[in-house]
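No lab work stands behind these numbers, since they all come straight from the coordinates. Because the structure is predicted, anything quoted here is derived from the model rather than measured. Note: ideal-geometry Cβ built from the backbone for every residue, glycine included; neighbour counts use all protein chains shown.
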Number of protein chains: 4
Amino acid sequence: MIIVMKHSATAQEIADIVGHVESLGFRAHLSTGEERTIVGVIGDERSLEPEHFELFPGVERAVPILHSFKLASRDFHPEDSVVRINGVSVGGSQVIVMAGPCSVESREQLMETAAAVQAAGAHILRGGAFKPRTSPYAFQGLGLKGLELLREARDAFRLPIVTEVVSPQDVTLIAQYADILQVGARNMQNFALLSAVGEVQKPVLLKRGMMSTVEELLMAAEYVLSHGNQRVMVCERGIRTFEPSTRNTFDINAIPVIKSLTHLPVIADPSHGTGKWELVTPVARAAVAAGADGLIIEVHPNPAQALSDGAQSLKPENFAKLVADVRRVAEAIGRTA
Amino acid sequence: MIIVMKHSATAQEIADIVGHVESLGFRAHLSTGEERTIVGVIGDERSLEPEHFELFPGVERAVPILHSFKLASRDFHPEDSVVRINGVSVGGSQVIVMAGPCSVESREQLMETAAAVQAAGAHILRGGAFKPRTSPYAFQGLGLKGLELLREARDAFRLPIVTEVVSPQDVTLIAQYADILQVGARNMQNFALLSAVGEVQKPVLLKRGMMSTVEELLMAAEYVLSHGNQRVMVCERGIRTFEPSTRNTFDINAIPVIKSLTHLPVIADPSHGTGKWELVTPVARAAVAAGADGLIIEVHPNPAQALSDGAQSLKPENFAKLVADVRRVAEAIGRTA
Amino acid sequence: MIIVMKHSATAQEIADIVGHVESLGFRAHLSTGEERTIVGVIGDERSLEPEHFELFPGVERAVPILHSFKLASRDFHPEDSVVRINGVSVGGSQVIVMAGPCSVESREQLMETAAAVQAAGAHILRGGAFKPRTSPYAFQGLGLKGLELLREARDAFRLPIVTEVVSPQDVTLIAQYADILQVGARNMQNFALLSAVGEVQKPVLLKRGMMSTVEELLMAAEYVLSHGNQRVMVCERGIRTFEPSTRNTFDINAIPVIKSLTHLPVIADPSHGTGKWELVTPVARAAVAAGADGLIIEVHPNPAQALSDGAQSLKPENFAKLVADVRRVAEAIGRTA
Amino acid sequence: MIIVMKHSATAQEIADIVGHVESLGFRAHLSTGEERTIVGVIGDERSLEPEHFELFPGVERAVPILHSFKLASRDFHPEDSVVRINGVSVGGSQVIVMAGPCSVESREQLMETAAAVQAAGAHILRGGAFKPRTSPYAFQGLGLKGLELLREARDAFRLPIVTEVVSPQDVTLIAQYADILQVGARNMQNFALLSAVGEVQKPVLLKRGMMSTVEELLMAAEYVLSHGNQRVMVCERGIRTFEPSTRNTFDINAIPVIKSLTHLPVIADPSHGTGKWELVTPVARAAVAAGADGLIIEVHPNPAQALSDGAQSLKPENFAKLVADVRRVAEAIGRTA
């Protein structure tokens, strides 16, 4: 961390801040410029809040130097992490496709979708049993019944399952049914939930909050990692901006930025990232072209009858076209899909 | 809801959408303009997702007409709600001040702060026992010990207590100690938590998410109300924007906007809304000038020693000045404080 | 346009708004729902401001139905426009690459860059002579001397030239030197400039403002089109968001969204869209995968010596790799480059 | 500026960057932390772009230490600047109110408004003659005729005039009619225009762009100041955010932030900052409570007939109430109005 003193800071104020830095167990390093003096703080600054120093007289601002995450960082783990899930490897040269309905609605709907996405080439089946909905009046998911159906589809199609967990007390239960625990965007900073999924030995798919920076996403991943669970995948799913023509703005820059900062695999969710089914395939192609390690795609046999997220769900035939497109793009950049 | 057909929509596509609207139990009302046909959907549209209709051929977009919240709306409850908490009324002509430390750190710190804020004129004591922190390496609060200290301060100073709840399983416990349950900004769309606080008969202080719209805030309030808990206060605490000079951008417009849409009291949090103690007093004055029913302010006897949010905490003497300022502004607009 | 009346609107208020709509030369169409009455406004609403109606008692809000642009819309021009510039066609099956230095700095720098980008496969040469800079103390471009150098490079390499125009009074001059007039992001709503470039018969490359919606971009294009200049290309170059890790957030969704709304060609600028040279190639690949008709890329023989935008400029060898990558991605989606 | 080296940076890379800093005429100061080495750059860094250094191998990022503006900064001009305009002082203890129609539409409309705002207590008359409009089909202002009417009103009511200038070539003309030249939000980074208004000896009212940071606003002010014109007032008029319920989000935090960074007076524009007339008075009160030196308010004798911005214009009687309210708030914080 560096502490920038005000233009008007006195020698005493500078001495006081140096004394305070040292009292916290850090070394202070002074650098006197033409208009400002800077105090460097030497030590593992991750336990410090920059704002803390701004309380002292004569301090203009404090700037962190290190990223606040460590286990998630490439600094100490330069090579890519590959997350292995029942024979599927995420983070290697193959681009992995997860697909399925937003919500599990019935056995028929799930089985039909599972058969279709497997036929098209998906590697992992997604489906929601516990649904976080913005309206208390909307369909909230089938709950345990949904988990059982997912398990049935898993066994029938031999596809690993990813499903969302929305509350810490559900983690143990869901971990008995699912292969991957998804933490949704609205829960990215639900720290009680992050701690709970960190305690079980199941891979975690952690979605970026719509209001969260890349740094905060990796800090949320750090929560899971710091509880001992190493199998974390992070997911770009669009952020909130001023642009009203799409539900979210898919942050394509974030794909290579995250890959440069962390060793964890990066998944792209163009279904939520756009909110409109017509945009899902072009943005899926773009995400793979930018370096995503996988995709998660909402598919429904009849989107107009879907109980949630129909507008962004692909019909099976459009999903098959997406997989074919993505495969060609993956090959164009030297990967497979 | 209205459904706007594409310029190129055929008569058959229009007929199909009319048939679909009717099959859902609504009436359809056709309006043929010069460039577009519009289908009005007559009925309580709150159970419909606009995006659903965009899946049909020939549909350009669907626009909701009603706000998605109902219990929170002034439409059916035009007069202001006044929330009563142990003799303190929030939402009436008096501007209420809640104040105290970000985190409860020790008995001494809490008692000293409680004495100071009471002396300055605060009506309610705030303090965090369970802290949601972005870093797993940061102070996480005293937990149950913190609750006990809050209870002790409550009894000693006869001030009602507001404290944050971060997990559904903690609601019952915290409700035994606190007078007001706070749902923090990062949990505004933690629907499991909203449902849980809706089930207890304790007033709720619901903070706006940093990237949530006013409509979403009132929808989150609707979650609590729909579970039977009528004592909800909503809180503007700043939103995330592109501006880097402050931690958040306090949305002053939201104060009169929320007051026009809902009967619930509106509290302002200039501590989080600015992130810098020097800005807290001017923005507190502004919030009251704009019509806020109350303030929640972080105060610490020694901000430079605070374990969290020190940079935005006021010293007791500055808090006393804030209260004096706010009182004069409240009187200038015909209220008291 | 539709006008949504308040829940509490009286019959007289509804009658008054109907009368007002008719007095403006439009037809009014009433639709009575369960909680709201809606007044449809029949006619070419583009001359109306929705906010106008919100002034009348009993009106909740007015919602436009039509896009505000007409000449730029696919409604009346469904097929793609192809812009022809001295033998180069933008908007057809071939992905066009424009490349060159941010600023023209010297004859040597420009000629070396022009030779390199042509050898790598670029179709059009870019270079700035008049530079809009956020600091009055920064390099402002070579001005007329820069234009002359661009003209020299144009003749030597037979590459069409694109350069920025920043002031209405410069349009005529620059049009004598350049093949394409660029309107920069900061001038997207400089209406005096849009009108001026609309008056000359030179193709225009119109960049999206960093905080402009897609609708506003197409409305700016409408300004140029409405002055009689039909050769307009629009350019996505990143928008401003809360994410600090990149200079801008490249809005990949906007590529297919713009293509669906307008017949005009869409160019992608990953140099400004990311602000970091390491991110330019992956985002360029992504833009082409999403359907962009062309790219504009900053290239400098020695970025560390560049007088502007060095951090986002590619070295010639990295640009050659970008072109090779982009070609493979274009082929993967059935185009050429 | 400080340059943060990567964790993996070699001794040679550090030596190279030190050499490069010195070759640019600055001194380099090394600080070796536990995980990163930092190179301090000693000298007036305002001529350097931080991104420049990020091109060098081993560099993670560069962080500017100084604000990029100097003439606008309090560092070298700690006391408030007071701008004097024909007997009106802006920036002193009195809060100044500018008011009038968005556009000058006719002699009657202007004279009626001028009489009303003067009677209510306004100090300066506003009115637009050259209007920047997002649609080429909308009313563009009366132009020269509008200027003449403003001059007539100025003489009749002895009120100084503020009007917008949209193009560099109009500056000389408008300066003959107006007392204050307004640079609008969409032109805040129209550097040709900023230079032009910097060359005349007329006070300038510079509005913050809806996409601009406080730093960029002060940098735009620096453009004007650096051309020799010292009478600059900056204006907060709302920024663009994700919140759709208001036209802009008025950045109340910016009022005290700007006051702390610059000596220039700060004006608030709650008309554009909200976009809705019902919100103008509460937000005007808030702006004054937060420390604004003045207000600029749109007033129209008949907003429903206004040719532009009717929805945010106050009727004369509501404006009179606003002035009365603002006066009481100003007195509550020890100022006059």
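Of note:
- Charge tally in the Cβ shell below 13 Å around residue A:71, where Lys, Arg are +1 and Asp, Glu are -1, residue A:71 excluded: +2
- Amide H contacts under 5 Å for residue B:264, placed H, 5+ residues apart: B:81
- Chain D: Cα Rg divided by the 2.2 N^0.38 Å rule of thumb: 1.14
- Residue-wise HN-Hα coupling along the stretch B:102-111, computed from phi with Karplus coefficients 6.51, -1.76, 1.60 (Hz; x: Gly, Pro): 4, 10, 6, 10, 6, 4, 4, 4, 5, 5
- Relative contact order of chain B, defined on C-alpha pairs under 8 angstrom at six or more residues apart (%): 16
- Short to long, the 5 Å bins of the Cα pair-distance histogram for the stretch C:1-73 hold 3, 17, 30, 25, 13, 6, 3, 1, 0 percent of all pairs.
- Close amide H pairs (under 5 Å, H built 1.01 Å from N) link residue D:181 with D:204, D:205, residues at least 5 positions away or on another chain.
- Look at the alpha carbon pairs under 8 Å that are at least 6 residues apart: their mean separation over the length of the stretch C:82-164 gives a relative contact order of 31 percent.
- Comparing D:36, D:133, D:240 in a Gaussian network model of chain D, where Cα atoms under 10 Å apart are tied by springs, the biggest mean-square fluctuation is seen for D:36.
- Label spacing, shortest first and in nm, from residue C:6 to its equivalents in the remaining copies (7 angstrom along Cα→Cβ): 3.9, 4.8, 6.2
- The stretch C:203-272: Rg to Rh, with Rh as the Kirkwood radius over Cα pairs: 0.98
- The Cα trace of the stretch C:190-337 gives Rg and Dmax of 15.7, 42 Å, the first to one decimal, the second as a whole number.
- For chain C, built as a Gaussian network whose Cα springs stay under 10 Å, the top-fluctuating residue of C:87, C:43, C:310: C:43
- The rotation axis taking chain A to chain B passes closest to the C-beta of one chain A residue; that residue and the distance in whole Å read A:211, 1.
- P(r) of the stretch C:90-141 over all Cα-Cα pairs, binned every 5 Å from zero, in whole percent: 4, 21, 21, 18, 15, 12, 6, 2, 1
- Prolate/oblate/rounded label for the stretch D:1-127 (Cα gyration tensor, a/c 1.5): prolate
- Overall, the anisotropy analysis places the stretch A:284-337 in the prolate class: the square-rooted eigenvalues a ≥ b ≥ c of its C-alpha gyration tensor yield a/c not less than 1.5, with a/b exceeding b/c.
- Rounded, prolate or oblate (a/c below 1.5 giving rounded, otherwise prolate when a/b exceeds b/c) for the protein assembly as shown by Cα gyration tensor: rounded
- In the assembly of identical copies, residue B:92 has its label point, taken 7 Å from Cα in the direction of the beta carbon, separated from the corresponding points by 4.4, 7.0, 7.8 nm (ascending, one decimal).
- Pairs from the table (C:145/D:202; B:321/D:321; C:70/D:276; C:276/C:315; D:207/D:321) lying more than 22 angstrom apart at Cα are C:145/D:202; B:321/D:321; C:70/D:276; D:207/D:321.
- Taken one residue at a time, the phi angles of the stretch B:131-136 give Karplus couplings (6.51, -1.76, 1.60, θ = phi - 60°) of 10, x, 10, 5, 10, x Hz. Gly and Pro are set to x.
- Inverting the pair-averaged 1/r between distinct Cα atoms of the stretch B:165-244 gives 12.5 Å as its Kirkwood hydrodynamic radius.
- Averaging the sequence gap over all C-alpha pairs within less than 8 Å and six or more residues apart, then dividing by the number of residues, gives the stretch A:114-238 a relative contact order of 19 percent.
- For chain A, the longest principal axis of the C-alpha atoms and the axis of helix A:144-157 are separated by about 70°.
- Other copies of residue C:139: label-to-label distances in nm, shortest first, labels 7 Å along the beta-carbon direction: 4.7, 5.0, 5.9
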